[in-house]
Amino acid sequence: MSITSRLSCLLFAVSAISSPISHRAVDGLNTRAVAAGKEYFGSATDNGELSDIPYLEGLSNTADFGSITPGNAMKWDTIEPSRGTFNFANGDTIVDLAEKNGQLLRCHTLVWHSQLPSWVSNGGFDNATLIDIMVNHITQEVTHYKGKCYHWDVVNEALNEDGTYRSSVFYDTIGPAYLPIAFAAAAAADPEAKLYFNDYNLEYGGAKFNAALEIVKLVQSYGAKIDGLGFQGHLIVGSTPSRSSQESNLNKVAALGVEAAFTELDIRTTTPATEAAVAQQAKDYAATVGACAAVEKCVGVTIWDYTDKYSWIPSVFQGQGAALPWDENLQKKELVYNAILEALS
């Protein structure tokens, strides 16, 4: 099924479902998002989780999730672990699941400083050679998934918090031009896919957000295609920006002629979460989702997996977690879930 066909199905709240674990679209997060004029409400996932059948049933519920993002299956170290050797098996598994469910696919991510195989990060390549390697990697991967990916996160996390460019093998060797070169390569391989720059802590405005806007302008100045800016949305309970400030930032993106999306949303708190923290978390989710709902050029929201059972937060932030709308037992946190529903209304 083509991207256009799948999107049309979602826009009319129709699910052409063949899988026995899929569900007819009824009221849910994605149903409300589409009714509000958004293109999807989605969740990330990873291959190891797909053997958990109750989890898989929830992920495949198109009432809640109209799109899927592979958390790790399409990153460089998985796709091209050694030079010129490509392994698409894990990514293909998630592509097949999305197609079976009639869900869109946000593909993630082509060029990132992290999760690079050592042959790239420590290869000592000169400018021209590294450009060839980067372009070949993008071309091979995007061509393999041509017609499958609704969005591509082309470049991920290129900025420091002060708005300067992050040191990486790509920036240090090629310079800022690696960004438009990457976008041009992705566009050549799949002209129909929407192409995003994706980074975190953009929601707060300031130097890093302004630098992200400059990256959009940089890519545009080279004549390369860029369709959107991804706000990762790894936020903290009680420190999430207001709805109005987030709307303002989204409108600044729209003013550049591109769209926006919340691509990796979770809102963490100290664990175990108190009742007060959960109540604040519900308000924080409503602020972010409501900001997207209010801005036409914000096309959708993806939570970074839908359940605390598989959240990345506790392994990285000690004593933190409980960041998602479903708990570790795959049960909805009704206060949080309903706050999101209301924000999408």
Over the chain, with neighbouring protein chains present, the accessible area per residue in Å² at probe 1.4 Å is 38
First check a/c for segment 48-121, with a ≥ b ≥ c the square roots of the eigenvalues of its C-alpha gyration tensor; if it is under 1.5, answer rounded, and if not, answer prolate when a/b is larger than b/c or oblate otherwise.
prolate
Taking only C-alpha pairs under 8 Å that are 6+ residues apart, what is the relative contact order of the chain in percent?
16
Spacing of the two label points (7 Å from each Cα toward its C-beta) at ALA254 and THR274, in nm:
3.8
What net charge is computed for the residues neighbouring SER311, neighbours being all others with C-beta under 10 Å from the C-beta of SER311, Lys and Arg scored +1, Asp and Glu -1?
-2
From the cross-link list LYS38/LYS225; LYS208/LYS309; LYS225/LYS283, which pairs have alpha carbons spaced over 24 Å apart?
LYS208/LYS309; LYS225/LYS283
So what's the back-of-envelope 222 nm ellipticity for the chain, counting only DSSP H runs of four-plus at -39500 (n - 2.57) apiece and dividing by all residues, rounded to 500?
-12000 deg cm²/dmol
ASP77/LYS146 FRET efficiency (R0 25 Å; Cβ-Cβ; nearest 0.05)
0.70
Just to be sure I understand: with springs between alpha-carbon atoms less than 10 Å apart, which residue in SER239, SER51, SER167 has the highest mean-square fluctuation in the Gaussian network model of the chain?
SER51
Round to the nearest 0.05 the FRET efficiency obtained for ASN210 and SER239 when R0 = 30 Å and r is the Cβ-Cβ distance.
0.90
Given backbone amide H placed at 1.01 Å from N, residues whose amide H is under 5 Å from that of GLU259, ignoring those fewer than 5 places away on the same chain, are GLY228, LEU229
Take the alpha carbon gyration tensor of segment 141-261, find the square roots of its eigenvalues, order them as a ≥ b ≥ c, and report rounded if a/c is under 1.5; if not, report prolate when a/b exceeds b/c, else oblate.
prolate
Select from segment 247-345 those GluC sites (Glu not before Pro) which occupy a DSSP coil region and have at most 16 other Cβ atoms within 10 Å, ordered by residue number.
GLU296, GLU328
With all protein chains modelled, accessible area of HIS144 [1.4 Å, Å²]:
80
Quick tally, 1.4 Å probe accessible area for GLU203, GLU161, sorted with the most first, runs GLU161, GLU203
Which of PHE183, PHE197, PHE170 ends up with the largest GNM mean-square fluctuation for the chain, with Cα atoms connected below 10 Å?
PHE170
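The values are calculated or read from the model by the stated rules, or taken from the named source; none is laboratory data. Since this is a predicted model, take the numbers as computed values, not measurements. Positions of Cβ are generated from backbone atoms using ideal geometry, with glycine treated the same way; all protein chains shown enter the neighbour counts. Note: areas computed on protein heavy atoms with side chains; ligands, DNA, RNA excluded. Shrake-Rupley method; radii C 1.70, N 1.55, O 1.52, S 1.80 Å.
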